[in-house]
Amino acid sequence: MKKSLLASTLILSLLAGTFVPTLSPAYAEETTTVSEDEAETTAAETTAEETTVAEETSNAEETSNAEESSESNESSDEDSDDTDDNETNNEETPGNNEETPANDDEADAADWEAFQAKLQEILEAEKVDVLYKNLKPINLTENVDGIDIIINGYYYYEISNFDVDWEYVFGDQTEKAGVIVYDITLKNTGDQDLYPVPTFDTKVTGNDDLIMHNTSLVKESQSLNWLFHTDNEGVLEAGQEIRGFYPLAVTPNTMEKIEAEGIGLMETPTVYTSEEFDSETLLARGTNIRIPFTTKGEEIAAAAADFYPDVYTLENWGNKTLVDEVELGETIESQGLSITVDSYQITELEPNEDYKDRFADFEDGAYLLTLAVTYDNQTKKDLQLDMVSGNLTLADMISSFSEGLLEPRLENRELPAGETASRYHTFLMDGKTYEKFAEDDWVLELKPQDTDFDRLGAKDAFFFELK
């Protein structure tokens, strides 16, 4: 039964971006933004607490010496032990001690204050300011068995007046730059060795400058890249956990883009079960998620959650207005393969400046049909999921093929026999076509095939009446 939400309008302010298709249904993450005043207040309170503890310990020792009581001496020793324990915990926090590895099991959070101080020292900068931070963990492999790749938190810094040796990194100047730092955990939760490719490339829509990973921005003992590739020789052993920082250098031009758009796009790592890195041993394919760098970016990510993650939404090509949303739930089964069109959205597009040229031929506007489809493969052959083509027919008059370039990249391109998976299909149409046929019959045909490119299911089996 169809449930139409015509006339419901949601506006999404989106960024322009480097094209990287992906599939990840819910990218918006809750973030916590703490002002510098709040950080300073917290630091002041911590200092006051440490001073009080020191005074109390000192008084206890004086009392103990005066009374020369065995019982008092024991109490004083306990207080001393407690103080030592607090100091040890501080030293075990990543970023606080040169001897402490970033993957210490007892370190439950990065020492960002110590990292910021070290960053200022490395760059010989006059000042390092926090522009944005998010300390809410993001699990990049939530749906992958055997490995957890987690962003424990990240900071975005502004660097002022730094050493000339760094000018080539930050756009041939030394006055202003940015640094993005991810605190990353790689954890093998399975019983076999894994071979992840731990790159966390981050892009900003419409930005010409690359955001480059730079290991020199962090101590070797805390660099995720160093710990994984040098200490572990590129293998994550069964049960092993590695934690470290992953810093990115940001030029002033990119900082302007981040300020204007508020959000970036991160490509998550691929993971293999063999050091051969071949497709047969692929455990997790890299996808893309939105990463906010401002409060505006948080709002964009939250609003984007209302739309299906086609490339236009994911990469923030412009504004989107929801015209129609239908819960269809229609299933067709043929020769062991069941396909269900779960739902679809029709949206009106308003491309931003960075992407207007791509829609130059759409003089009367552009509309996008995005469908959520589930495939249940109970045949004896593997389904080539990423090669399922679609055809949309309007009023038995006009037909169009699905837009593969606007469909998000699949995490798994093949669907093995006996398994189920979902994906999105997209169709683009001009405004005049949509307005003319909006109330007519819309019929979708899907054409699945196996990995040998032979058709699965009976011919002409999978036709769905959308309207």
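For region 246-268, which residues satisfy the criterion of being within 22 Å of ASP165 (Cα to Cα) and not β-branched (Val, Ile, Thr)?
To start, the set of residues in region 246-268 that are within 22 Å of ASP165 (Cα to Cα) comprises 246-255.
Within region 246-268, TYR246, PRO247, LEU248, ALA249, PRO252, ASN253, MET255 meet the criteria.
Just give me the residues in region 381-396 being in contact (Cβ under 8 Å) with a residue 40 or more places away in the chain, surrounded by fewer than 19 Cβ atoms within 10 Å (Cβ to Cβ) and not hydroxyl-bearing (Ser, Thr, Tyr), in sequence order.
The first filter runs over region 381-396 and keeps only residues in contact (Cβ under 8 Å) with a residue 40 or more places away in the chain, leaving 381-384, 387-396.
Pick out the ones that are also surrounded by fewer than 19 Cβ atoms within 10 Å (Cβ to Cβ) and you get 381-382, 384, 387, 389, 391, 393, 395-396.
Across region 381-396, the qualifying residues are LYS381, ASP382, GLN384, MET387, ASN391, ALA395, ASP396.
What about GLY178, is it modelled with pLDDT under 95 and in contact with an Asp or Glu (Cβ under 8 Å, 6 or more places away or on another chain)? Don't jump to the end; show me each part of the working.
Working: modelled with pLDDT under 95: no; in contact with an Asp or Glu (Cβ under 8 Å, 6 or more places away or on another chain): yes.
It is false that GLY178 is modelled with pLDDT under 95 and in contact with an Asp or Glu (Cβ under 8 Å, 6 or more places away or on another chain).
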Of the criteria (1) within 30 Å of GLN120 (Cα to Cα); (2) crowded, with 18+ Cβ neighbours inside 10 Å; (3) not polar (S, T, N, Q), which one MET212 fails: (2)
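Quick check, is LEU446 under 28 Å from GLY286 (Cβ atoms) and either surrounded by 15 or more Cβ atoms within 10 Å (Cβ to Cβ) or assigned by TED's automatic domain parsing to the domain that holds LYS320 (or both)?
In short, yes.
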Residues of region 238-285 satisfying the condition of being without any contact (Cβ under 8 Å) to a residue 60 or more places away in the chain and of a type in the set (Gly, Ala, Ser): ALA238, GLY239, ALA260, SER279
Answer from THR331, THR370, THR340 - the residue that is over 26 Å from the mean Cα position of the chain (by Cα), surrounded by 15 or more Cβ atoms within 10 Å (Cβ to Cβ) and not aromatic (Phe, Trp, Tyr): THR340
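Within region 372-398, which residues are of a type in the set (Ser, Thr, Tyr) and either in contact with a helix residue (DSSP H, G or I) (Cβ under 9 Å, 6 or more places away or on another chain) or at pLDDT below 90 (or both)?
Step one: filter region 372-398 for residues of a type in the set (Ser, Thr, Tyr), giving 374-375, 379, 389, 393.
The answer is TYR375, SER389.
Here are LEU322, LEU314: which of them is touching a strand residue (DSSP E or B) at 6+ places or on another chain (Cβ under 8 Å) and modelled with pLDDT under 85? Give the derivation first.
Working: LEU322 fails: modelled with pLDDT under 85.
Unique residue meeting the criteria: LEU314.
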Count of residues meeting criterion [outside any strand (DSSP E or B) and of a type outside the set (Gly, Ala, Ser)] in region 392-422: 13
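Residues are listed down the side, and each one gets a yes or a no for (1) touching a strand residue (DSSP E or B) at 6+ places or on another chain (Cβ under 9 Å); (2) farther than 29 Å from LEU131 by Cα; (3) not assigned by TED's automatic domain parsing to the domain that holds VAL144:
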site: TYR195; (1), (2), (3): yes, yes, no
site: LYS203; (1), (2), (3): yes, no, no
site: VAL218; (1), (2), (3): yes, no, no
site: GLU233; (1), (2), (3): no, yes, no
site: LEU236; (1), (2), (3): yes, yes, no
site: ILE242; (1), (2), (3): yes, no, no
site: LEU248; (1), (2), (3): yes, no, no
site: MET255; (1), (2), (3): yes, no, no
site: GLU261; (1), (2), (3): no, no, no
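Residues ASN225, ASN214: which one is farther than 30 Å from TYR355 by Cβ and either modelled with pLDDT under 95 or not aliphatic (A, V, I, L, M) (or both)?
Working: ASN214 fails: farther than 30 Å from TYR355 by Cβ.
After applying the criteria, what remains is ASN225.
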Subset of region 183-193 (residues that are surrounded by fewer than 21 Cβ atoms within 10 Å (Cβ to Cβ), in contact with a strand residue (DSSP E or B) (Cβ under 8 Å, 6 or more places away or on another chain) and among the charged types (D, E, K, R)): LYS187, ASP193
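It is to be established whether one or more residues within region 350-358 are in a strand (DSSP E or B) and in contact with a Lys or Arg (Cβ under 9 Å, 6 or more places away or on another chain).
Our first condition is that a residue be in a strand (DSSP E or B); within region 350-358, this holds for 350-351.
Now restrict to residues that are in contact with a Lys or Arg (Cβ under 9 Å, 6 or more places away or on another chain): 350-351.
Looking for residues that are in a strand (DSSP E or B) and in contact with a Lys or Arg (Cβ under 9 Å, 6 or more places away or on another chain), one finds at least one in region 350-358, hence yes.
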Residues (in a helix (DSSP H, G or I) and buried (at least 22 other Cβ atoms within 10 Å of the Cβ)) located in region 245-260: THR254, MET255, LYS257, ILE258
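The values are calculated or read from the model by the stated rules, or taken from the named source; none is laboratory data. Since we're looking at a predicted model, the values are computed, not measured. Cβ sites come from the backbone with ideal geometry, for glycine too, and all protein chains shown count toward neighbours.
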